[in-house]
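Since the structure comes first, as structure tokens, the remarks are kept for the end.
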Amino acid sequence: MKQYLSIDDIPDVDALVKKALTFKKDPLSANKLGIGKSLLLLFSNPSLRTRLSTEMAGKNLGMRVTTMDLSSGWKLEYEDGITMNTDKAEHIQEAARVVSQYADIIGFRSFPSLVDREKDYQDFQIQRLANLASKPIINMESAIRHPLQALADLVTIMEHSKSKNPKVVLSWAPHPKPLPQAVANSFINMMRRNEMDLVITHPKGMDLAPAMVKDTPVEYDQFKAFKGADFVYTKSWSSYSNYGQTAFLPDWMVDKEKMKKTNQAKFMHCLPVRRNVVVADDVIDSADSVVISQANNRTYAAQAILSEILSNA
Ligand code: CP
């Protein structure tokens, strides 16, 4: 693997899941692989899980890890030919080439504008970095993708699934703020690649990009969608067609009544989550909630990706 911008960069998903589970059993089993190598993590937006788990993953492989917050005081300009008289401190043209001299692998996080759909769906910022940098880039959540999260999600499903193709429901959730579509997009991509029995449920108007959904069934009745589910993955996202807009619909919260329709489904969420808005306390605190172990798997998913890139360097 030369980079990890999207799930399409994974040559063999099964092998990668196995690798992540091997690291989970023995996190230091390859602790010499990254000796003498530097991992640089750049965050244009804040993070708890991605930052700490990717730092941990690099350290478990013996890498030197540096993290930089670009959100306050070091904003980057991505457009060419612009007069830089705003709050942007540096152009991506210089920044990408400079940081490539300091790192062997570069992780990058940036969120979408949720205003300019065309540019967001070009994954403009991370693509500019990838095109200008001379070192491999890892996507730590971009405008439209969160592939590290999706790999951890798949690892979690594989750990808990009783069948090869469980029924997985991706359920839209209410949230006070419009949120990116990145987690949902990459989750759909990963589930489709693994031929899971995936159903998406959301209120009319809170649709995702047709190019991401493809022919995945969409059920507008959340109760119907939950019937017989083995996994319920809930996540809020803003609308694709009414780009960046959201609707606050409290009835879409996942609660015990809805979970009773399932095949004693495991409850999943990428976190952070708004309790009693997205999910009721008695669901997230139940024995069927796997959100904490899902977040733990972020370390081993990131470690599997880093080890693949280091092995191919
Ligand atoms: N799930 C996730 O990406 O969490 P953070 O925003 O805390 O990194």
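Applying the criterion of at least 1 residues that are open to solvent by less than 20 Å² (accessible area, probe 1.4 Å), closer than 30 Å to K19 by Cα and not assigned by TED's automatic domain parsing to the domain that holds H202 to the helices (runs of 4 or more DSSP H) found wholly in the range 238-313 leaves 291-311. The number of residues in the range 195-237 being aliphatic (A, V, I, L, M) and either over 22 Å from T156 (Cα atoms) or assigned to a helix (DSSP H, G or I) (or both) comes to 8. Scanning the range 54-69 for residues that are open to solvent by less than 80 Å² (accessible area, probe 1.4 Å) and assigned to a helix (DSSP H, G or I), we see that the one that is farthest from the ligand (Cβ to nearest atom) is N60.
Scan the range 260-278 for residues that are away from the ligand (no atom under 16 Å from the Cβ) and on the phi > 0 side of the Ramachandran plot and report the count. Here the count works out to 2. Scanning the range 172-186 for residues that are within 13 Å of the ligand (Cβ to nearest atom) and under 10 Å from the mean Cα position of the chain (by Cα) yields a count of 4.
Here is a yes/no grid of residues against (1) under 26 Å from D123 (Cβ atoms); (2) assigned to a helix (DSSP H, G or I):
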position: F23; (1), (2): no, yes
position: K32; (1), (2): no, no
position: G36; (1), (2): no, no
position: L52; (1), (2): yes, yes
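The set of residues in the range 279-295 being within 13 Å of the ligand (Cβ to nearest atom) and touching a residue at least 24 places away in the same chain (Cβ under 8 Å) consists of V291, Q294, A295.
A search for C-beta distances below 8 Å between a residue of the range 37-49 that is aromatic (F, W, Y) and open to solvent by less than 20 Å² (accessible area, probe 1.4 Å) and any residue that is near the ligand (Cβ under 9 Å from one of its atoms) and in a strand (DSSP E or B), counting only pairs 6+ apart in sequence or on different chains, returns F43/R109.
The values are calculated or read from the model by the stated rules, or taken from the named source; none is laboratory data. In this text the structure is predicted, and so the values were computed from the model without any measurement. As a convention, Cβ positions derive from the backbone with ideal geometry for all residues, glycine included, and neighbour counts pool all protein chains shown. All accessible areas refer to the heavy atoms of the entire protein, side chains included, with ligands and DNA or RNA removed. Shrake-Rupley method; radii C 1.70, N 1.55, O 1.52, S 1.80 Å.
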